[in-house]
């Protein structure tokens, strides 16, 4: 088995595994139970690992590299008004990704003290200006 992708969250790995299995590629997810038990270990372990047989590495990487977002948008019937809410509040760019702010400081404090002291926030981060905003 060879690692073809790493994910911070087990759900992301499950989605990728399902995508590979729908294409007929058998896949295995490593470290999912450890990270489900304590998500702060995700960075220390290198995330949840998605693994496939050596023979299927190239095909799996091609499948995982495909962008299905437009097909999902069309299937869900999302209109322009719904998509506009996913833009940067500072520069107006649509080049944004979901982001969890405060995860790394919480992890460091957890390693040092044994429990997290910082709260984390879910939101979006702009890839153009680097700004974070809560959705």
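We did not get these values from a lab; they are worked out from the coordinates using the rules stated. Values in this document were obtained by computation on a predicted structure and should not be read as measured data. Quick reminder, even Gly has a Cβ in these numbers, built from the backbone with ideal geometry, and neighbours come from all protein chains shown.
Here are the numbers:
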{"item": "FRET efficiency, 1/(1 + (r/R0)^6) with R0 25 Å, evaluated for residue 94 and residue 134 via beta carbons", "result": "0.90"}
{"item": "Prolate/oblate/rounded call for segment 81-135, Cα gyration tensor, a/c under 1.5 rounded", "result": "prolate"}
{"item": "Of 17, 119, 101, the one that fluctuates the most in a GNM where the chain has Cα springs shorter than 10 Å", "result": "119"}
{"item": "In nm, spacing of pseudo-spin labels at residue 67 and residue 109 (7 Å Cα→C-beta vector)", "result": "3.6 nm"}
{"item": "Two-site FRET efficiency, residue 53 against residue 11, from Cβ-Cβ distance with R₀ of 22 Å, rounded to 0.05", "result": "0.40"}
{"item": "GNM flexibility winner over the chain from 59, 75, 21 (Cα, springs under 10 Å)", "result": "75"}
{"item": "Prolate/oblate/rounded call for segment 1-66, Cα gyration tensor, a/c under 1.5 rounded", "result": "prolate"}
{"item": "Helix-only mean residue ellipticity at 222 nm for the chain, each DSSP H run of n ≥ 4 adding -39500 (n - 2.57), per residue, nearest 500", "result": "-11500 deg cm²/dmol"}
{"item": "Mean Cα-pair separation over length for the chain, i.e. relative contact order, pairs under 8 Å, 6 or more apart, %", "result": "20 percent"}
{"item": "Prolate/oblate/rounded label for the chain (Cα gyration tensor, a/c 1.5)", "result": "oblate"}
